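The values are calculated or read from the model by the stated rules, or taken from the named source; none is laboratory data. Quick caveat: nothing in here was measured; it's all calculated off a predicted structure. Methodologically, a virtual Cβ is constructed for each residue, glycine included, from the backbone with ideal geometry; neighbour enumeration extends over all protein chains shown. Accessible surface areas use protein heavy atoms only, side chains included; no ligands, DNA or RNA. Shrake-Rupley method; radii C 1.70, N 1.55, O 1.52, S 1.80 Å.
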Amino acid sequence: MATSSSTRHLLYGPEDPSVLNMQTNHISNKLMKGGTTQVFKVRRTESKTWDAVIHENVRYWLDVFGFKGVIDCGKPMKVDNELITALIERWRPETHTFHLPIGETTITLEDVQAIWGLRADGVVFTGRDYHDNFPDWTSKCRDLLGWIPDSSTETKQGGLLMTALINQTRMPLGDDLPTYVYIQRARIHALILLGGLILPDTTGCKVPFMWLNGLGDPEEVKNISWGSAALAYLYHYLCEASMDKRKELGGPMILLQLWAWERMPTLRPAFIEPKVHEPYTPCGARWRGTTQIGNAPRHSVEHYRDQLSLIRPGQFIWTPYAPFTLPDYCNDVNGCSLCETYLVCWAYVEAHEPGRVRRQFNRYQDIPQSVDRMLRNADHLGKTDRRGKKGNNWANKHQFYIGEWDMRYERFQAAQYAASMSMDIPMNPGYMAWYNRITVTYMTQPGTRATTGMNESAASLRLFVEGFQQVFHLTTEDEMDPRVRQIREIVKNVLESTNNTDVMEYPASQHQDVVMPYEPEVVPRRRGVPGVRTGGHGYTKQFRMSQPVPDYVAPEPQYQVHDPPQWYSYPAHESQSQWERPQYSPSQPEPDWHRRPYSQSQDAPQWSGARASVDSFFQNYQVVPPVQAEEEDDDEGVEEDDNIVEAHEEEDVQSICIQPRPAAEGSSRGGVGKLVSKVYKRLSSRKNKGVEPSKYTPSAYK
């Protein structure tokens, strides 16, 4: 892209990097420097399943399983990859929200249930990554699906091929078959919907075998929270794509597209027929039909990027589902979408924080006082897939987060306890001033001109608006100079005429490139006790085996807020139910460990190393200033008599920096260790000959 006449590039970073602490590796940083990003490709493979006729009895069981809303919506429209790309550029993995000019927004459990009718309340969709109660996956498919797949043509790398599942749905069924036959066919349709639309991965051709473990008992399947599973998959792929770790996307991206159409009318395509919601149907059912060909800006990342950058407060619909009459399965009666909790779906765990977007629930928006760093400390953006983890029991691995989900109604809910939103004062007066300090205001450099494609004018227009905004806040109504008052009035008229009246209520953001806080690289710790030497020069296997076993005491964490409470007990035996919910006594005071740290600048909790005061390995030693060992003047001393060498070595031992105290009772330092040490001293050719290893010196003295 060609720049303007000014060769100086303006740098626009967050004024306060305490919230967006991953800006250096974020895709928006690449966009600011290079002026463009790649277009992500979304995987979808469920299109052919809508051509097959679903038997009435099979449809009944699909409704029982919780897929009635998805089927009522029918075949969705084509995914707009350019729209998804523009939204990913605004997604922040630190907060799981989109950062728009009007504030933070996101897709929540309420949106998933209203658009697709997927149940938000219920148990998590997880389990074992291996077949249980069956010798192999083929036997389990025969029992649950009524079909034995061919391992060479119908399976691939631990999963069923999507084409094989679709072919099974095309086989006709009679009306007088046993009930289990219709349940088996319903499971096949459920696997297609999950693997192709609701929980697709980047392969785009198979469905994992492990999902069969969660579709066994129909009474348990109807209680699964499919909404939380879909949202966990969506959050996971949005986070990885925003950090530029993927080129192809999985997850329910079509759900994200419908969410954008519901809340931002400027992003909707132009349909030939007006879209009217039919009562008692999911909101996603109305987004079908033929679009107008004349809607040229569609499928253009630059167009969507400009539309998102120019959006004003009146162009975002905070409560789009209020005017519609939705069926019961699309209404969140229990308020599950208001809970601040964790979403779990097999290998993926994501944070759900509706308190940051209270206006979407028609509640007063205050300044968020916390940022969830627990998942970040648990390698949230690291290797969280299933590669190399075959045979895991994800229910046990994520038991803590599952317990948080089960107790979601008993936790602090910032969105539920907030006051109702007023049309006059929808948010805290200082919210936008705070938000402009912690967000990234510009996506591209102002004043740039594209050499190909279309021009992006949002950044330049934003710069003009902020220029007028700065002038307005530098002046007051009580200025003595009439020319200054006239300038203020001109600026005020311009901002009001361009529908930017809200910027007069808070100052402009700071235009600078902020140095992001240093984050040390996480290096896997070596085996052994921290602080205790286990190898190096002069440390042989025989010497290590002759030492007493250290009585190591685990260090206490600096922050207790991330540790489970004392009453949170894990199942002691495998016979106990893996879904057992931790018991909480109302008579006990509610612990504060679930509350996230309220300081925005707190670093990740660091674990202190071993302390010498609690390590019995060093209790028999005292540290004194080192003494330089005398060097021999010539090589003739090496050829002296062995007895003289031994006497000289004993004198050196008395002058080393670490002198042993009298051995404590029960010490295991015996004659074998002394003999091995003497043999090593005679074989040593280094200048530190005869010096035993210490804790802080890996080799020898110079």
If each K or R counts +1 and each D or E counts -1, the residues other than Ala52 whose Cβ falls under 13 Å of its Cβ total +3
Residue separation between Asp244 and Asn223 times 0.36 nm, minus their alpha-carbon distance, gives in nm 4.0 nm
Treating only Lys and Arg (+1) and Asp and Glu (-1) as charged, each at its beta carbon, one finds that region 243-299 has a dipole about its Cα centre, in Debye to the nearest 20, of 140 debye
Carbon and sulfur atoms account, in whole percent of the 1.4 Å probe accessible area of region 1-117, for 49 percent
Counting only backbone N atoms under 17 Å from a point 7 Å out along Cα-to-Cβ of Ser151, the residues of region 204-246 in range are 209-210
The size of the Cβ-based charge dipole (Lys, Arg +1; Asp, Glu -1) of region 114-217 about the Cα centre, to the nearest 20 debye, is 200 debye
In Å², rounded to a whole number, the accessible area per residue of region 229-349 with probe 1.4 Å is 37 Å²
Ordering 23-34, 76-87 by per-residue average of other C-beta atoms within 10 angstrom, highest first, gives 76-87, 23-34
Summing +1 per Lys or Arg and -1 per Asp or Glu among the other residues with Cβ less than 11 Å from Arg485's Cβ gives -2
A 1.4 Å probe over the protein heavy atoms gives region 130-282 a carbon and sulfur accessible-area percentage of 49 percent
Around Gly66 (Cβ within 15 Å, Cβ-to-Cβ, excluding Gly66; K/R +1, D/E -1) the net charge comes to -3
